[in-house]
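Below you'll find the structure, written out as structure tokens, and then a few comments.
The values are calculated or read from the model by the stated rules, or taken from the named source; none is laboratory data. Predicted model only: the values in this text are computed from it and were never measured. We place every Cβ from the backbone using ideal geometry, glycine too, and count neighbours over all the protein chains shown. All accessible areas refer to the heavy atoms of the entire protein, side chains included, with ligands and DNA or RNA removed. Shrake-Rupley method; radii C 1.70, N 1.55, O 1.52, S 1.80 Å.
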Amino acid sequence: MAAMTMARSIAKYAYEFPVDGMPDDLKTIVRNRFLDSLACILGAYGAAPVRASVAYASSIPGGTASIFGTTLKTTPECAAFANGVMVRFLDYNDGYMGLEPGHPSDNIPACLAIVQAENAGGDELIAAIVLAYEIQMRFQDAASLNKQGWDHVNYVNISAAVAAAKLMKLSEAQIEQAINISLSGHLAMRQVRSGTLSDWKGCSAANAARNALFSAQLARHGMTGPAPIFEGRMGFQNQVTGEFFLDPADFGSVAGGDLAIRRSLTKTFPTNGELHTAVWAGIELRNRIGEVSDIQSIRIETSAFNKRVLADGADKWRPRTRETADHSLPYNVARALIDGDISIESYSPENITDPVAIALMDKTTVVVDPELTALFPKHLANRVTVTLKSGESLVSEVISGPGSVETPMTQAQFEAKFRKMAVPHLSEGAQESVLDFVSKLDQQSGYDSLFAAMAGAAG
């Protein structure tokens, strides 16, 4: 008998994945990730890529899925895309670093769109989110995409297709075909995160989710896709990643407590996750240096990955867009030294072109440190040394910080993050309606009230 393909083994795992029996602590993790995503969505209201996404969705009205901040209903694919763009715009949503970086909460808007379309309950939504995290994060642990020039969102092609198929109650064979179609037809290139970054940097994952939903719906109606998609002569491993091992028999179980979502990381700053510890180091130094005009030089010691991705060319020393600035190691350290914080305003055009920040970046060098590289990806560590004009050198090394596995954000911190992002857009009553909805997420049978509250209507 022929060995089961990787796609079929993943489909079997997903088909058998339980909807019931989620322990309370796991439900709490999902609720926190869901609320965290809503905070990111609020921070994206009015952004240019969001306006473009909503305008496109409005041209396809009359669907079953809602778009945040509007009263519009459209197709699940369009809703997943527009809402996904909102989640990713600020680079403030959760993340995970294995052999490949990624943001597993990119799956949440896709799951929500299908839940609405299928009239599914909150318990099914929670199970689908846990499943999507499991699939994406296990792939992130298994193989690198970025080293070969491919974008990490290619794993969303798989995870979102599986989660959507699960919510549609597709058969094991149909889930396999959803994976085959989604992965074969929609590969994204890493150029989206190279050089000067464009609007599409925050749209790439949303597009992968959109394609995944389309693929799952085709599989529902009998469409088949190329196979074996992973092991084939011209398949994913031979063409994209190289050979890797991944066996769903090693995946987490609801009963076992080893599900990957427990290892996902959340953000206290609206910026790239791998440089958070450099920001914390910069803030700590800011409290010790007096005036930034006293700084003679800045040396950032980091991992090989961070040097390659966050300090890879002249654009990172002269960012011209917010998308480039929030992925620039020298800029974020300079900004932290100036302001003692990183916020949405850190990436305004005025701050990006601030002569003080430019002067500090011109004094900055970024080097690979073997010890910090050895800690990666378990710890996303950075070391910042500031040498003052007096000759004194001050060093701050941060191995991990708030939002890490070792120091997870608390429920109060998630709520504070949501309220901070909600203040410009939602009344107190609307905020309370959202928080109440999320607190009972597993009990929900409809989602219109959530979208109404997120559009400013109090419950």
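Here region 186-328 was treated as a single set of alpha-carbon atoms; its pair distances binned every 5 Å from 0 give 2, 7, 10, 12, 16, 16, 13, 10, 6, 4, 3, 1, 1, 0 percent.
Taking a probe of 1.4 Å, how large is the accessible area per residue of the chain, in Å²? Walk me through the intermediate numbers first.
Numbers: 17050 Å² over 459 residues.
On a per-residue basis, 37 Å².
Between the helical axis of 411-422 and the longest alpha-carbon principal axis of the chain there is an angle of about 80 degrees. Of the chymotrypsin sites (Phe, Trp or Tyr not before Pro) in region 168-245, the ones in a loop by DSSP (not H, G, I, E or B) with at most 11 other beta carbons within 10 Å are F245.
Seen from every direction in turn and averaged, the convex hull around the alpha carbons of region 366-459 projects onto 10.3 nm².
Order of 97-106, 180-189 by packing, highest average Cβ count within 10 Å first? All intermediate terms of the calculation are to be shown ahead of the outcome.
Details: 97-106: 24.0, 180-189: 21.0.
Result, highest mean first: 97-106, 180-189.
Could you please state how large a percent of the accessible area of the chain is carbon and sulfur, counting protein chains only and using a 1.4 Å probe? Looking at the chain in its full context, I get 54 percent from C and S. The tail of the calculated P(r) for region 291-387, taken as Cα-Cα distances beyond 20 Å, holds 34 percent of the pairs. For the chain, the Cα-based Rg and Dmax, in that order, read 21.8, 74 Å. The accessible area of D250, taken with all protein chains in place and a 1.4 Å probe, comes to roughly 90 Å².
Explain nothing, just compute: Karplus ³J(HN,Hα) = 6.51 cos²θ - 1.76 cosθ + 1.60, θ = phi - 60°, for every residue of region 382-395 in order, whole Hz, x for Gly and Pro. Result, ordered by residue: 9, 10, 10, 10, 10, 9, 8, 4, 6, x, 6, 10, 10, 10 Hz. Which one of I175, G102, F236 is farthest out on the positive end of the charge dipole of region 89-244, using unit charges on Cβ (Lys, Arg +1; Asp, Glu -1) and the Cα centre as origin? Value computed over the given set: F236.
In a reduced charge model with +1 at each Lys and Arg Cβ and -1 at each Asp and Glu Cβ, region 356-432 shows a dipole moment near 140 debye about its Cα centre. Hey, can you grab everything whose amide H is under 5 Å from the amide H of M97? Only 5+ residues off in sequence or another chain; H modelled, so Pro and N-termini drop out. HN-HN under 5 Å from M97: empty list. In region 194-314, taking the dipole from charged Cβ atoms about the Cα centre, the farthest positive-side position among L275, S264, L197 is held by L197. Compute the orientation-averaged projected area for region 129-170 from the convex hull of its Cα atoms and round it to one decimal in nm². So the mean shadow area of the Cα hull is 2.8 nm². In the chain, the calculated helix contribution to ellipticity at 222 nm averages -14500 deg cm²/dmol per residue, counting -39,500 (n - 2.57) for every DSSP H run with n ≥ 4.
For helix 172-185, what angle does its Cα long axis make with the longest principal axis of the chain, in degrees from 0 to 90 and rounded to 10? Taking the Cα atoms of the chain, the angle to 172-185 is about 50 degrees.
Helix 154-167 and the longest principal axis of the Cα set of the chain meet at an angle near 40°. Taking Cα centre as origin and charging only the Cβ of basic (Lys, Arg, +1) and acidic (Asp, Glu, -1) residues, the dipole magnitude of the chain rounds to 820 debye.
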